[in-house]
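K.L.:
Please find one structure pasted underneath; my questions will follow.
The values are calculated or read from the model by the stated rules, or taken from the named source; none is laboratory data. Remember, predicted model here, so these are calculated numbers, not experimental data. As a convention, Cβ positions derive from the backbone with ideal geometry for all residues, glycine included, and neighbour counts pool all protein chains shown.
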Amino acid sequence: MTKRSLSMTLDPLLEADFAIQIHAASAIAAVVLGAFVLWRRKGTPLHKTLGRVWVLLMFAAATSALFIHEMRLVGPFSPIHLFSLFTYITLFNGLKAIIIDRDVVRHRAEMQGLYAGALMLAGAFTFLPGRRMHTVLFGADAGWTQSLLVIVPILVGAGFVWLNMRRRALRTGLPAPSRN
């Protein structure tokens, strides 16, 4: 019986196309910065500054994703590219809510939904065996066990963000996020 070695390596990212490198870097930075922004005090100058940086990171992640065509189902695109459209629409709605409408509750819901959907949900599936981030984190020989140890907590976290949004929506009378 051979022992599999698990080893993290950045080689799959360093050897990837530039669009993939930009996408991974901006998405990883958005995950870290977004968690910090979402769970800190809101409305402060720091929140506003870091929020602007986060919006730029999300825009960069969504735009760079449009240039990644490793899974082609409809021309050069796959269903994963719908997350770019989701990101653009949600960023627009979230920014409009806070800048034009001064609707803090809607702004919070849009940004939390974007974090849960485009970063946590979409990000969780990058750790499936055969995907680049799976290889980066676990090495080429790792299997499903390691993936599930990462994917399940991320999905549970996204579920908590979604439930929190639903609870706030019910409390404030806003439409709750859909289950679809």
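K.L.:
Quick one: how many residues across the stretch 124-152 are closer than 19 Å to F83 by Cβ, in contact (Cβ under 8 Å) with a residue 24 or more places away in the chain and hydroxyl-bearing (S, T, Y)?
P.N.:
Total meeting the criteria: 0.
K.L.:
A further question on this structure: Output the residue which, of all residues in the stretch 34-89 that are at pLDDT 90 or above and among the polar types (S, T, N, Q), is farthest from I20 (Cα to Cα).
P.N.:
The extreme case among them is T44.
Conditions tested, residue by residue: (1) surrounded by fewer than 19 Cβ atoms within 10 Å (Cβ to Cβ); (2) modelled with pLDDT of 95 or more; (3) in contact with a helix residue (DSSP H, G or I) (Cβ under 7 Å, 6 or more places away or on another chain).
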position: L91; (1), (2), (3): no, yes, yes
position: I100; (1), (2), (3): yes, yes, no
position: A118; (1), (2), (3): no, no, yes
position: G123; (1), (2), (3): no, no, yes
position: L128; (1), (2), (3): yes, no, yes
position: T135; (1), (2), (3): no, no, yes
position: F138; (1), (2), (3): no, no, yes
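K.L.:
Could you list, in sequence order, the residues of the stretch 95-119 that are of a type outside the set (D, E) and free of Cβ contacts under 8 Å to residues at least 24 places away in the same chain?
P.N.:
Restricting attention to the stretch 95-119, the residues satisfying the condition of being of a type outside the set (D, E) are 95-100, 102, 104-109, 111-119.
Scanning the stretch 95-119 gives K96, A97, I98, I99, I100, R102, H107.
K.L.:
Pick out, from the stretch 1-78, the helices (runs of 4 or more DSSP H) lying fully within it that include 3 or more residues that are farther than 30 Å from D141 by Cβ.
P.N.:
On the way: elements: 11-14, 18-38, 45-65.
It comes to 18-38, 45-65.
K.L.:
Take the residues in the stretch 147-168 that are modelled with pLDDT under 80 and not hydrophobic (A, V, I, L, M, F, W, C), then tell me which one is nearest to P12 (Cα to Cα).
P.N.:
N164
K.L.:
Next question, about the same structure. Find the residue count for the stretch 44-75, including only residues that are loosely packed, with under 13 Cβ neighbours inside 10 Å and either under 26 Å from R132 (Cα atoms) or touching a residue at least 24 places away in the same chain (Cβ under 8 Å) (or both).
P.N.:
Within the stretch 44-75, residues that are loosely packed, with under 13 Cβ neighbours inside 10 Å and either under 26 Å from R132 (Cα atoms) or touching a residue at least 24 places away in the same chain (Cβ under 8 Å) (or both) number 6.
K.L.:
Does G123 satisfy being more than 23 Å from V136 (Cα to Cα) and among the small types (G, A, S)? Step through it out loud before you land on a result.
P.N.:
Values: more than 23 Å from V136 (Cα to Cα): no; among the small types (G, A, S): yes.
Spelling it out, it is not the case that G123 is more than 23 Å from V136 (Cα to Cα) and among the small types (G, A, S).
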